Each structure stands twice: as structure tokens, then as C-alpha cells.
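The numbers here are math on the coordinates, done by the rules we state, and not lab data. The shown structure was predicted, so the numbers you read here are calculated from the model rather than taken from an experiment. When we count neighbours, we look across all protein chains shown, and the Cβ atoms used for this are built from the backbone with ideal geometry, even at glycine.
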Amino acid sequence: MDAPSGPLPRADAVCDGGDLDCGSGLLLIIRRAMDPLAAGGVLEVRSREGSVREDLPAWCRMTDHALLATAPGEGTSTSYFVRKGGADPALAADLDKARNFAWTVRVRWTEGMRATAYARNHAIPLGQPASLDTADPAPAAVEALLASLGGCLAVGFQWRLSAKGIAVRNLEVSLRARSANLLVYLGAEDAGHPGLERIEGSAFVDADADGATLRALWEETLRRSPVAQTLLRGAPLSIEVKPS
């Protein structure tokens, strides 16, 4: 990237999106960060995502805001200086929509002890709810639950590290869960419950940060993880059977 020819604008506020792209919530973060600024105020948007270089200017052209300058940041980060044009009357409604966003998944039984879950443009094969075999044609539903938790934590952790300008070379989350009493699911016993008794694990990370910084960002990742907080708090279930 070429260095800017003149001095950079003075930023009134800074917004760091890390590796988020514009379609994954970055624009909403930018809009919220820009909201307190007066008209004419400048927001510095820092991003490590390459697609933002084209998407952010396009967004600015469709709004009253103006992209004043683009400059290299630390490492692979890029800084975009955006001048606020006017008020954003749709922000409150869009923030409320994001707060109450609902995901939709449809699961269809296919054959035997197998099903396929459909989410947006993805098809996810699922096997038995809690298989004891060493090999199966599809992951068990409990394994899919743990995979969802691990994926949410791994990607969320990496994003928070990237937003701090911390380079990540390797990141892995290992999870282990024990059933309270799997025999309840199998119908062999009635006492107890078939759910998971405890989930334990570790996050292994190779990144340019000290242990205290990593632990603080990991705790924030756990606190802000939709999947982890759902498991910790418990979401009420209301699922009816509807004969066809």
C-alpha cells in the first residue's frame, strides 16, 4: 500500500474491527463508534481484513460519510479515516435488530440413525445423539454441540486478539465432556439426566502476547460467547411435535 502523500487526519475516535469483514458486523460496529461524534468528526477504523479496503469506500459512497485517507497500520492492519457526514437515523433500529437476531436451523431425518441439519447455505450431517462407537458416518449430536462451543470460542478468541493487533500463529481448543447418565437416553435407567455433567478443556495459543494479556482476552471471549453463555445460563426450550 502506498503511503499517504500528506499528513493524516486527526482522529476523534478509533474503532478496531480486527479480522471482521463488513458483512460480519464491522459496519454496525463502525456506525455505533461514529454515533457519538459530531458531524465532521473523524473516526479511524483499523482493520486486518483485506476485503474492507474495497467494501468500506463503497459503503461511504452510499452514505453521507467520506473516506478521507487510508494508511498502513501496525503489522497487517490498515487504518481508514472516515469523516462523519450526518446523523444515522436507522442505527437504533439496526442495533435492536442485532440484539434480537434469531438463527434458524432445520433438521431432517434421512435414514437409520442419521439426520441432516440445514443452516443458511450449509448442510451439516449428524449421527446418533450420543454414539459410543469409535467410528461413525457422521458426528454425534453431542459432538456437534461441543464443536459449536469450540468453534465459537476459537474464532471469537482469534478475533479479539486480532482487534488488539496481536498476531496469532496457532490456536486450538480442546474440549472434553462427561454425560451425567447416558443410560437415561438409552432408556435403560430413569434416575438422573442424560445431559452433560461438565465440560472441560484447554485453549492452546501461540501468539505475540504475554500470559496475562491472553488470559484476560480469553475471559472476555468466554463472557461474550453466545454458545458458552447459552450453556452456562440455560435457554428455555419450547419445541412442539406437529403431526403431518
Original post:
By how many nm would the segment from L175 to V14 grow when fully extended, if each residue of separation counts as 0.36 nm and the alpha-carbon distance is taken off?
Top reply: 54.4 nm
**OP:** For every helix of n ≥ 4 consecutive DSSP H residues, a contribution of -39,500 (n - 2.57) applies; sum these over the chain, divide by its total residues, and give [θ] at 222 nm rounded to the nearest 500 deg cm²/dmol.
**Re:** -10000 deg cm²/dmol
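Arrange the peptides 113-121, 217-225 so that the one whose residues have, on average, the most other Cβ atoms within 10 Å appears first. All intermediate terms of the calculation are to be shown ahead of the outcome.
On the way: 113-121: 12.6, 217-225: 15.4.
In descending order of packing, they fall as 217-225, 113-121.
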Original post:
Extent of the chain along each principal axis, from alpha carbon coordinates, in Å, largest to smallest?
Top reply: 75, 47, 30
Original post:
In the stretch 163-202, which GluC sites (Glu not before Pro) fall in coil by DSSP and have 16 or fewer other Cβ atoms within 10 Å?
Top reply: E189
Original post:
What dipole magnitude, in Debye to the nearest 20, does the stretch 134-233 give about its Cα centre under +1 on Lys/Arg Cβ and -1 on Asp/Glu Cβ?
Top reply: 380
**OP:** Enumerate the aspartates and glutamates that K97 could reach by cross-link, defined here as Cα to Cα under 18 Å, with residues fewer than 8 away along the same chain left out.
**Re:** D35, D88
**OP:** Could you rank the peptides 88-97, 73-82 by their average count of other C-beta atoms within 10 Å per residue, with the highest value first?
**Re:** 73-82, 88-97
Subject >> Electrostatic dipole magnitude of the stretch 32-96 [Cβ: Lys, Arg +1; Asp, Glu -1; Cα centre; debye, to 20] >> reply: 220
